[in-house]
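Engineer: The structure follows.
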Amino acid sequence: MTAFNILDDLPRILGELRGKIALVREDLNVPMADGRVSDDTRLRAAVPTLAALSDMGCITLILAHFGRPKGKFDAALSLASIAAPLAEVLGRSVTFMAEPSRDALAALPAGSIILAENSRFYAGEEANDPALARSWAAWGDFYVNDAFSAAHRAHVTTEGLAHILPAFAGRSMEAELRALDAALGSPKHPVAAVVGGAKVSSKIDVLVHLSSRVDHLIIGGGMANTFLAARGVNVGKSLCEHDLLATVETIFAAAEAANCTVHLPYDVMVSREFAPNPPSLRSCNVHEVAADEMILDVAPASVEMLGDVLKNCATLVWNGPMGAFETPPFDAATVTLAKTAAALTREGSLVSVAGGGDTVAALHHAGVAGDFSFVSTAGGAFLEWMEGRELPGVVALTRAKV
Ligand code: ADP
Ligand code: MG
């Protein structure tokens, strides 16, 4: 049993589905380059739900936002241009409808898939205006939220509609919620969290939340420098938030109180300049960083130690690269640790969930994104979930459970 209705519950709750009108929130906010979709990941994520509803004979109206039009019409941000690429990925026709109505939708053949205009052209969308929610809800018979990546926003299409219509999680939403639950909701212990990236300041809430949920907290990336500094290490010219040493102390204390072991690198890759393959590159113990050097990656001995931690864990949640992975060779620790996690996942000893814009890019760079149990592309929603926050779009689905 899930805590929310899924598409498999539709017949039980709504009976005959043929000709019923589904309002489906998808994330179609795809990156564009030269007028073309440059990454169709989000379009592909919409396919299972749209195909299932169409196969059931429903008339589907897709609701989605595109860019940030701030409540006004903006021809450059019309979703009209996404209908064709979506149809291509879906292998079925998708018709754009600028001004839907219940009558217009009801007149369509069973199985039709229609794309509505950018929801953010309407100021009431982001304000979660109840009047707008009622007028859009009147178009359909039920609501499906398939956009986890927008679930941290309480907008009409992500939250408001769930209060008015029978509400269901789409296939992608369902998969994401199941994976996240397996990683932090009710995970198999021991659980390890890898947290990296540039700064402690952007992830304080993540670190605090994880310290009370996981058994091993592995700190890498630039933020490890601040943790090392709090431990009395001189980090030279490294990126380091010296004003956050007290915050780091509270994270150490919270972890200790919760029996969570904090793992920091003990050897690091340093150089005097931040450039590809710099001549001054060397590895050293964290206590030997010179005043004019920068820590840019974790060194091999520590990476091996961190890999051994993963070998003894059943669950891994990962956000943030271990080093400045865009600049070789400072991708080495991230790539090696990602390969270790991928191998353990393939062997079946580890459930691995990762997310975050740069993290996903780093896993693709390491060639192992497909080997993780689940890779979330949800960005902001993924980070808020890592902070232990309730996401309004998910809460609304949970409340709608029947
Ligand atoms: P995500 O997008 O996955 O949440 P972040 O945005 O928090 O990840 O962090 C990614 C950035 O952190 C990358 O641009 C990377 O270059 C940077 N970074 C990692 N380690 C270091 C380091 N030691 N020094 C400076 N920058 C680093
Ligand atoms: Mg980032």
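The values are calculated or read from the model by the stated rules, or taken from the named source; none is laboratory data. This is a predicted model, so every value here is computed, not measured. Please note: Cβ atoms are built from the backbone with ideal geometry, for glycine as well, and neighbour counts cover all protein chains shown.
Engineer: Give the residue that is surrounded by the most Cβ atoms within 10 Å (Cβ to Cβ), with candidates limited to residues of region 149-164 that are in contact (Cβ under 8 Å) with a residue 60 or more places away in the chain and in contact with a Leu (Cβ under 7 Å, 6 or more places away or on another chain).
Structural biologist: Step by step, filter region 149-164, then rank; the result is T157.
Engineer: Right, here's the next one. Any idea how many residues of region 339-367 are assigned to a helix (DSSP H, G or I), out of contact with any Ser or Thr (no Cβ under 7 Å at 6 or more places or on another chain) and within 16 Å of ligand 2 (Cβ to nearest atom)?
Structural biologist: Matching residues across region 339-367 total 7.
Engineer: Is it true that A182 is part of a helix (DSSP H, G or I), at pLDDT below 95 and more than 16 Å from E390 (Cβ to Cβ)? Steps first, answer last, please.
Structural biologist: Numbers: part of a helix (DSSP H, G or I): yes; at pLDDT below 95: yes; more than 16 Å from E390 (Cβ to Cβ): yes.
So A182 fits the description; yes.
Engineer: Still on this structure, please answer the following. If I go through region 219-254 residue by residue, how many of them are within 13 Å of ligand 1 (Cβ to nearest atom), assigned to a loop (DSSP other than H, G, I, E, B) and free of Cβ contacts under 8 Å to residues at least 24 places away in the same chain?
Structural biologist: Going through region 219-254 one residue at a time, the tally reaches 1.
Engineer: Among the residues of region 77-97, are any under 23 Å from L165 (Cα atoms), without any contact (Cβ under 8 Å) to a residue 60 or more places away in the chain and β-branched (V, I, T)?
Structural biologist: No; the residues of region 77-97 include none that is under 23 Å from L165 (Cα atoms), without any contact (Cβ under 8 Å) to a residue 60 or more places away in the chain and β-branched (V, I, T).
Engineer: Related question: What are the residue pairs meeting all of these: first residue in region 255-268, first residue hydroxyl-bearing (S, T, Y), second residue in a loop (DSSP other than H, G, I, E, B), Cβ atoms under 8 Å, and 6 or more apart or on different chains?
Structural biologist: Final answer for the pair search is T261/D215.
Engineer: Does region 360-378 contain any residue that is within 16 Å of the chain's Cα centre (by Cα), surrounded by 15 or more Cβ atoms within 10 Å (Cβ to Cβ) and among the acidic types (D, E)?
Structural biologist: Start the filter on region 360-378 by keeping residues that are within 16 Å of the chain's Cα centre (by Cα), which leaves 360-364, 369-370, 372-378.
Those still in the list that are surrounded by 15 or more Cβ atoms within 10 Å (Cβ to Cβ) too: 360, 362-363, 369, 372-378.
Imposing the further condition that a residue be among the acidic types (D, E) reduces the set to none.
The answer is no; no qualifying residue exists.
Engineer: Let me ask another. Does region 1-60 hold any residues that are assigned to a helix (DSSP H, G or I), among the charged types (D, E, K, R) and more than 26 Å from the chain's Cα centre (by Cα), and which are they?
Structural biologist: Of everything in region 1-60, those that are assigned to a helix (DSSP H, G or I), among the charged types (D, E, K, R) and more than 26 Å from the chain's Cα centre (by Cα) turn out to be R12, D55.
Engineer: Going by what's in this entry, would V195 be described as surrounded by 16 or more Cβ atoms within 10 Å (Cβ to Cβ) and farther than 28 Å from M386 by Cα?
Structural biologist: No.
Engineer: Tally time: how many residues in region 37-73 are exposed (fewer than 15 other Cβ atoms within 10 Å of the Cβ) and in contact with a helix residue (DSSP H, G or I) (Cβ under 8 Å, 6 or more places away or on another chain)?
Structural biologist: Residues flagged as exposed (fewer than 15 other Cβ atoms within 10 Å of the Cβ) and in contact with a helix residue (DSSP H, G or I) (Cβ under 8 Å, 6 or more places away or on another chain) within region 37-73 amount to 7.
Engineer: On to the next question. Scan region 126-148 and tell me whether some residue there is of a type in the set (S, T, N, Q) and not in a helix (DSSP H, G or I).
Structural biologist: yes
Engineer: Looking at region 198-215 only, could you name the residues that are crowded, with 21+ Cβ neighbours inside 10 Å, modelled with pLDDT of 95 or more and outside any helix (DSSP H, G or I)?
Structural biologist: Answer for region 198-215, where residues must be crowded, with 21+ Cβ neighbours inside 10 Å, modelled with pLDDT of 95 or more and outside any helix (DSSP H, G or I): just V214.
Engineer: If you don't mind, another one. Working only within region 312-332, note down all residues that are within 21 Å of the chain's Cα centre (by Cα) and acidic (D, E).
Structural biologist: The answer is E326, and nothing else.
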